[in-house]
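Here the structure is laid out as structure tokens; the discussion comes afterwards.
The values are calculated or read from the model by the stated rules, or taken from the named source; none is laboratory data. All figures in this text were calculated on a predicted structure; none of them were measured in a lab. Heads up, the Cβs are rebuilt from the backbone with ideal geometry, glycines too, and the neighbour counts pull from every protein chain shown. We work out accessible area using only protein heavy atoms, side chains counted, and drop any ligands, DNA or RNA first. Shrake-Rupley method; radii C 1.70, N 1.55, O 1.52, S 1.80 Å.
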Amino acid sequence: MTLALALAQNRIRVALALSGWVALAATRLPDATPARWIPVLLFVSFGPGFALLYPQPDMLRPGARLEALALAAPLSLSLGALVSTCLFLVEGFSATAFLAALAAFATLASAFPGLPLPAATRGAVERPRRR
């Protein structure tokens with residue numbers, strides 16, 4: 001792995017680890033301002049999923065980047081549903097607890113390598129066309 005690739009992956013990891021805490025800090029802003037709800041919406045929709053999928057050992061091809069983007073949203077929303085259900089079951093749900101749990105998960109997940117993507121995006125050879 002080259003030094004430039006390692007630095008880029010570390011930047012991605014740090015950005016993913018901090019994104020949840022930035023969203024949590026944004027909840028302290030005045031109500032109904034875009035600066036409050038946009039970071040929260042983006043983090044809840046994509047943050048935990050990207051923390052699970054990135055960084056990959058090698059840089060992703062353009063098609064694989066699209067696949068990672070398409071997988072990040074359902075993963076994030078599934079984790080959000082799981083966390084909110086658990087918090088409701090223990091009768092401790094609040095926006096702060098919800099975001100703190102997701103931010104802690106994203107921080108922990110960004111410390112590890114990303115989950116492997118399907119074989120088709122990890123460099124599988126395309127089949128030749130039949131004539």
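Below are the figures for this structure:
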quantity: Among (1) crowded, with 17+ Cβ neighbours inside 10 Å; (2) in contact with a helix residue (DSSP H, G or I) (Cβ under 7 Å, 6 or more places away or on another chain); (3) modelled with pLDDT under 95; (4) among the β-branched types (Val, Ile, Thr), the one test that ILE12 misses; calculated: (2)
quantity: Checking GLU91 against (1) under 24 Å from ALA111 (Cβ atoms); (2) modelled with pLDDT of 90 or more; (3) surrounded by fewer than 13 Cβ atoms within 10 Å (Cβ to Cβ), the condition it does not meet; calculated: (1)
quantity: Hits in the range 20-35 (condition: within 17 Å of ALA100 (Cβ to Cβ) and either free of Cβ contacts under 8 Å to residues at least 40 places away in the same chain or open to solvent by 40 Å² or more (accessible area, probe 1.4 Å) (or both)); calculated: TRP21, VAL22, ALA25, ALA26, ARG28, LEU29
quantity: Output for the range 36-53, where each listed residue is open to solvent by 20 Å² or more (accessible area, probe 1.4 Å) and either aromatic (Phe, Trp, Tyr) or closer than 14 Å to ILE12 by Cβ (or both); calculated: TRP37, PHE46, PHE50, LEU52
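Residues checked against (1) open to solvent by 70 Å² or more (accessible area, probe 1.4 Å); (2) at pLDDT below 95:
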site	(1), (2)
ARG65	yes, yes
ALA70	no, yes
SER84	no, no
ALA97	no, no
ALA100	no, no
LEU117	no, yes
